[in-house]
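The values are calculated or read from the model by the stated rules, or taken from the named source; none is laboratory data. All of these numbers come straight from a predicted model, not from anything done at the bench. Heads up, the Cβs are rebuilt from the backbone with ideal geometry, glycines too, and the neighbour counts pull from every protein chain shown.
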Amino acid sequence: MSFGAIKDIIDLCEKNEKNFYQIILEDDCKERDVTKEASQEKMTQLLDAMLLAAFSYDAELLSASKMVGGDGGRMEAFRHEQKGYCGDYIQEVMAHALQMGESNACMKRIVAAPTAGSCGVLPAVLVPLFHRQLIDQQEMVEAMYVAAGIGQVIASRAFIAGAAGGCQAEIGSASAMAAGALVYLKNGSAKQIGDAVAIALKGLLGLACDPVAGLVEVPCVKRNVVGALNALSSADMVLAGIKSAIPVDEVIDAMKDIGMKMDVSLKETGKGGLAATPTGKKLKDDLV
Amino acid sequence: MNIFDILGPVMVGPSSSHTAGAVRIGFVSRTLLGEKPVKARILLAGSFADTGKGHGTDKAIIAGLLGMDTDDINIPDVFDIAQKQNFKYEFGTIQLPQAHPNTAVINLWGKSGKELNIQASSLGGGRIMVDKIDGIDVNFTGEYPTLIVHNQDQPGHVAEVTSMLSHKSVNIANMQLNRDKKGGYAVMVLETDQPIPSEAISWLAHLEGIIKVTYYNPTEVK
Ligand code: SF4
């Protein structure tokens with residue numbers, strides 16, 4: 001039946017004394033009429049595709065427009081110099097977010113999460129944990145169920161496409177999904193997962209979709225970093241005992257409200273915002 | 001919408017609408033042609049024409065026409081592959097003010113001379129809509145098994161097709177009937193919940209008054 005509210009998932013978790021992952025898994029089995037094993041196998045295939053994409057980054061590649069490429073390699077090299085402000089894990093997250101965003105722009109194979117433009121956010125926070133053996137394969141899979149369950153509610157209550165609701169709907173949703181997954185991995189309660197989703201989404205409300213020349217490159221690649229770091233800070237706030245003042249489902253509704261009121265020039269048409277700056281226009285003209 | 005519409009598809013970037021959807025448009029066109037295509041003329045409209053190059057929309061459509069899926073890592077190299085397979089193509093642009101912003105019109109020629117003209121659009125998230133076939137509105141998504149019947153515009157054909165399907169226990173999910181004013185023929189488009197057996201399709205093709213039958217099955221491996 002799939003869920004229309006995060007609260008419905010939280011209530012089911014509490015009533016049945018099950019965790020967020022179990023509820024989403026059971027729902028998928030019902031929804032698609034498959035066994036738990038079949039559902040998990042499908043998610044594991046996605047995990048494999050995600051890991052393959054993360055580890056097949058090519059720092060030499062440039063996108064067809066030549067606007068993006070190589071930054072993931074730069075960030076990774078800088079991480080090893082240990083000179084920046086952010087710690088090693090955070091810098092690895094940043095490198096992964098850039099790399100996945102660039103791979104997407106360079107026509108490599110990625111896993112949309114929830115969209116291609118925002119495909120770097122979730123793997124950016126998860127892959128370094130896996131890489132450092134802080135979580136195992138089963139935990140990765142469980143975290144992906146949690147993220148997908150959250151995304152499904154956002155998609156049914158609001159939207160997950162930049163063309164429909166601006167970048168808050170893409171990077172915002174991806175960040176909220178990742179935040180919930182991170183809280184889950186630290187054994188946070190379903191209610192805490194909901195709070196992390198709310199806080200992450202609130203932080204990115206109103207974000208416009210204004211890609212230069214209409215291409216999923218500028219600012220998309222770097223916004224994947226923002227989405228990943230916002231997910232981490234939201235998760236940590238919740239784990240510290242901080243709550244969201246506005247309940248999660250109301251936050252999702254607020255995103256919908258803002259997206260509906262957003263001008264069409266800010267919804268993936270490449271006509272407003274950064275795309276309409278003098279440099280943005282020049283970059284576009286240089287393409288043709 | 002299930003959770004694998006949220007995580008996934010696994011696809012070659014950069015855009016689910018301009019790349020993955022474009023692959024599917026090519027792939028559905030190839031399937032509807034019913035044989036290996038050897039030549040194509042592709043006209044891009046709207047945002048496909050404006051931003052298609054940067055999104056690899058051109059490569060994506062050719063990849064689909066050559067039978068590749070949305071996650072095929074050979075998509076970036078598809079122009080070379082087309083050349084090796086001696087597949088000829090040309091691109092142009094077209095103005096279609098009434099159409100969805102991401103639309104392509106494709107003329108396709110098969111190896112035994114079959115021809116197809118298709119107009120299709122990419123709706124976002126990799127989903128597509130086939131708008132017209134040979135100039136007639138069809139409006140199907142390619143998410144269900146789809147049967148397209150060109151027949152002479154005379155009574156009885158709807159009954160023939162629907163009774164054949166119920167005889168084969170195939171449930172009709174959605175049906176449309178459109179008439180071509182010039183040719184005096186009609187096009188039936190049926191989306192079904194179950195695949196249609198191939199013998200039923202060839203039986204249909206031989207009935208009197210039926211001009212052409214095309215079948216698209218999304219679950220069939222290419
Ligand atoms: S700016 Fe638009 S295209 Fe780019 S990531 Fe955000 S929503 Fe996607």
(message) Could you check region B:108-139 and list, in sequence order, the residues that are touching a Gly at 6+ places or on another chain (Cβ under 7 Å) and of a type in the set (Ser, Thr, Tyr)?
(response) B:Ser122
(request) Output the residue which, of all residues in region A:210-223 that are over 24 Å from A:Gly180 (Cα atoms) and among the aliphatic types (A, V, I, L, M), is nearest to the ligand (Cβ to nearest atom). (result) A:Val216
(request) Taking only region B:44-57 into account, find how many residues are in a helix (DSSP H, G or I) and at the interface with chain A (Cβ under 10 Å from one of its Cβ atoms). (result) 7
(message) I'd like to verify a number: residues in region A:84-107 that are charged (D, E, K, R) and either modelled with pLDDT under 95 or buried (at least 23 other Cβ atoms within 10 Å of the Cβ) (or both), how many?
(response) 1
(request) Might you let me know whether region A:141-158 holds any residue that is away from every other protein chain (no Cβ under 12 Å), part of a helix (DSSP H, G or I), away from the ligand (no atom under 15 Å from the Cβ) and modelled with pLDDT of 95 or more? (result) yes
(message) It is to be established whether one or more residues within region A:224-237 are on the phi > 0 side of the Ramachandran plot, within 14 Å of chain B (Cβ to nearest Cβ) and either within 16 Å of the ligand (Cβ to nearest atom) or out of contact with any strand residue (DSSP E or B) (no Cβ under 7 Å at 6 or more places or on another chain) (or both).
(response) no
(message) Quick check on region B:71-121: of everything there that is of a type in the set (Asp, Glu) and closer than 19 Å to B:Thr57 by Cβ, which residue is farthest from the other protein chains (Cβ to nearest Cβ)?
(response) B:Glu90
(request) Take A:Glu139 and decide whether it is under 18 Å from A:Leu46 (Cα atoms) and either in contact (Cβ under 8 Å) with a residue 60 or more places away in the chain or not basic (Lys, Arg) (or both). (result) yes
(request) Go over the candidates B:Ala99, B:Ala104, B:Ala82 one by one and state the one that is touching a Ser or Thr at 6+ places or on another chain (Cβ under 8 Å) and within 15 Å of B:Val23 (Cα to Cα). (result) B:Ala104
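Yes/no matrix, rows are residues, columns are (1) of a type in the set (A, V, I, L, M, F, W, C); (2) more than 11 Å from every other protein chain (Cβ to nearest Cβ):
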{"position": "A:Ile23", "(1), (2)": "yes, yes"}
{"position": "A:Asp33", "(1), (2)": "no, no"}
{"position": "A:Gln40", "(1), (2)": "no, yes"}
{"position": "A:Thr44", "(1), (2)": "no, yes"}
{"position": "A:Ala59", "(1), (2)": "yes, yes"}
{"position": "A:Ala64", "(1), (2)": "yes, no"}
{"position": "A:Glu76", "(1), (2)": "no, yes"}
(request) Kindly indicate the residue of region A:176-209 that is within 16 Å of the ligand (Cβ to nearest atom) and within 14 Å of chain B (Cβ to nearest Cβ) and also nearest to A:Asp136 (Cα to Cα) among those meeting that condition. (result) A:Ala178
(request) Among the residues of region A:111-136, count how many are assigned to a loop (DSSP other than H, G, I, E, B), touching a residue at least 24 places away in the same chain (Cβ under 8 Å) and within 12 Å of chain B (Cβ to nearest Cβ). (result) 8
(request) Taking the residues in region B:9-31 that are within 16 Å of A:Ser103 (Cβ to Cβ) and surrounded by fewer than 24 Cβ atoms within 10 Å (Cβ to Cβ) as candidates, determine which candidate is farthest from the ligand (Cβ to nearest atom). (result) B:Val10
(request) Sort through B:Gln176, B:Gln194 and tell me the only one that's closer than 18 Å to B:Val138 by Cβ, at pLDDT 90 or above and outside the structural domain of B:Leu32 (by TED's automatic domain parsing). (result) B:Gln176
(request) Please state which one of A:Val121, A:Val111, A:Val93, A:Val125 is within 24 Å of A:Pro219 (Cβ to Cβ), among the hydrophobic types (A, V, I, L, M, F, W, C) and within 14 Å of the ligand (Cβ to nearest atom). (result) A:Val121
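Being in the same structural domain as B:Ser29 (by TED's automatic domain parsing), closer than 16 Å to B:Gly52 by Cβ, touching a Phe, Trp or Tyr at 6+ places or on another chain (Cβ under 8 Å) and not charged (D, E, K, R) is the requirement here; does B:Ala104 meet it? Write out each step before concluding.
Working: in the same structural domain as B:Ser29 (by TED's automatic domain parsing): yes; closer than 16 Å to B:Gly52 by Cβ: yes; touching a Phe, Trp or Tyr at 6+ places or on another chain (Cβ under 8 Å): yes; not charged (D, E, K, R): yes.
Yes.
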(request) Test B:Thr19 against the criterion of being touching a strand residue (DSSP E or B) at 6+ places or on another chain (Cβ under 8 Å) and assigned to a helix (DSSP H, G or I), and give yes or no. (result) yes
(message) Six or more apart or on different chains, Cβ atoms under 7 Å: show the pairs whose first residue is in region A:276-288 and surrounded by 10 or more Cβ atoms within 10 Å (Cβ to Cβ) and whose second is among the hydrophobic types (A, V, I, L, M, F, W, C).
(response) A:Gly280/A:Val212; A:Gly280/A:Leu274; A:Leu283/A:Met67; A:Leu283/A:Val212; A:Leu283/A:Ala213; A:Lys284/A:Val212; A:Lys284/A:Ala213; A:Leu287/A:Ala213
(request) Using the structure shown, decide if B:Leu66 is over 16 Å from the mean Cα position of the chain (by Cα) and farther than 22 Å from B:Asp131 by Cβ. (result) no
(message) Need the failing condition index for A:Gly166 against (1) buried (at least 24 other Cβ atoms within 10 Å of the Cβ); (2) within 13 Å of chain B (Cβ to nearest Cβ); (3) under 16 Å from the mean Cα position of the chain (by Cα); (4) not charged (D, E, K, R), just the number.
(response) (2)
(request) Go through (1) part of a strand (DSSP E or B); (2) more than 8 Å from chain A (Cβ to nearest Cβ); (3) within 30 Å of A:Asp27 (Cβ to Cβ) and name the single condition B:Arg24 misses. (result) (1)
(message) Here are the criteria: (1) of a type in the set (Lys, Arg); (2) more than 16 Å from the ligand (Cβ to nearest atom); (3) within 14 Å of chain B (Cβ to nearest Cβ). Tell me which single one A:Lys284 does not satisfy.
(response) (2)
(request) For residues that are more than 7 Å from chain A (Cβ to nearest Cβ) and either of a type in the set (D, E, K, R) or in contact with an Asp or Glu (Cβ under 7 Å, 6 or more places away or on another chain) (or both), tally how many sit in region B:1-20. (result) 1
(request) Could you run through region A:159-171 and say how many residues are near the ligand (Cβ under 9 Å from one of its atoms) and part of a helix (DSSP H, G or I)? (result) 8
